[in-house]
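Asker: Please find one structure pasted underneath; my questions will follow.
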Amino acid sequence: MAQIIPIRDLKNTAAVSQLCNDSDEPIFITKNGYGDMVLMSMDVYNRTFAETQLYRELKEAEKELRNGKGIPFAEFEKRAREKYGL
């Protein structure tokens, strides 16, 4: 479940750091009752960035296929199995 804390809680840096590192999700920071910032641990950031990068690459691969470039996954899989004996 998403955690939401007010910006004034950022004064306690050790507690906020612990909160971020204990959470598998970003922490939402509010200012005057409205969303203002998002904090996350390096692990959550790296995982999120890797997922985003994967989606970008998949989107680009789909675009290439639509434009007649590349090969369908079934053909790729067949070639990989033949090449690597999988």
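Asker: So is residue 82 modelled with pLDDT of 90 or more, assigned to a helix (DSSP H, G or I) and closer than 30 Å to residue 25 by Cα or not?
Answerer: In short, no.
Asker: I need the full set of residues from region 46-55 which are polar (S, T, N, Q) and either touching a residue at least 40 places away in the same chain (Cβ under 8 Å) or loosely packed, with under 11 Cβ neighbours inside 10 Å (or both), in order please. Let's see the steps before the verdict.
Answerer: Let us first name the residues in region 46-55 that are polar (S, T, N, Q), namely 46, 48, 52-53.
Residues satisfying the conditions are 52, 53.
Asker: Can you confirm whether region 12-24 contains a residue that is part of a loop (DSSP other than H, G, I, E, B) and touching a strand residue (DSSP E or B) at 6+ places or on another chain (Cβ under 7 Å)?
Answerer: Step one: of region 12-24, the residues part of a loop (DSSP other than H, G, I, E, B) are 12, 23-24.
Now restrict to residues that are touching a strand residue (DSSP E or B) at 6+ places or on another chain (Cβ under 7 Å): 23.
Checked region 12-24: at least one residue is part of a loop (DSSP other than H, G, I, E, B) and touching a strand residue (DSSP E or B) at 6+ places or on another chain (Cβ under 7 Å).
Asker: I need the full set of residues from region 56-72 which are surrounded by 11 or more Cβ atoms within 10 Å (Cβ to Cβ) and at pLDDT below 90, in order please.
Answerer: Correct list: 61, 62, 64, 65, 70, 71.
Asker: Report yes if residue 43 is at pLDDT 95 or above, surrounded by 10 or more Cβ atoms within 10 Å (Cβ to Cβ), of a type outside the set (A, V, I, L, M, F, W, C) and assigned to a helix (DSSP H, G or I), otherwise no.
Answerer: On the way: at pLDDT 95 or above: yes; surrounded by 10 or more Cβ atoms within 10 Å (Cβ to Cβ): yes; of a type outside the set (A, V, I, L, M, F, W, C): yes; assigned to a helix (DSSP H, G or I): yes.
Yes.
Asker: Take region 1-55 and flag every residue that is touching a Lys or Arg at 6+ places or on another chain (Cβ under 9 Å) and aliphatic (A, V, I, L, M).
Answerer: Scanning region 1-55 gives 7, 37.
The values are calculated or read from the model by the stated rules, or taken from the named source; none is laboratory data. As the structure is a prediction and not an experimental result, all values here were calculated from the model. Ideal geometry is used to build each Cβ from the backbone, glycine not excepted, and the neighbour counts take in all protein chains shown.
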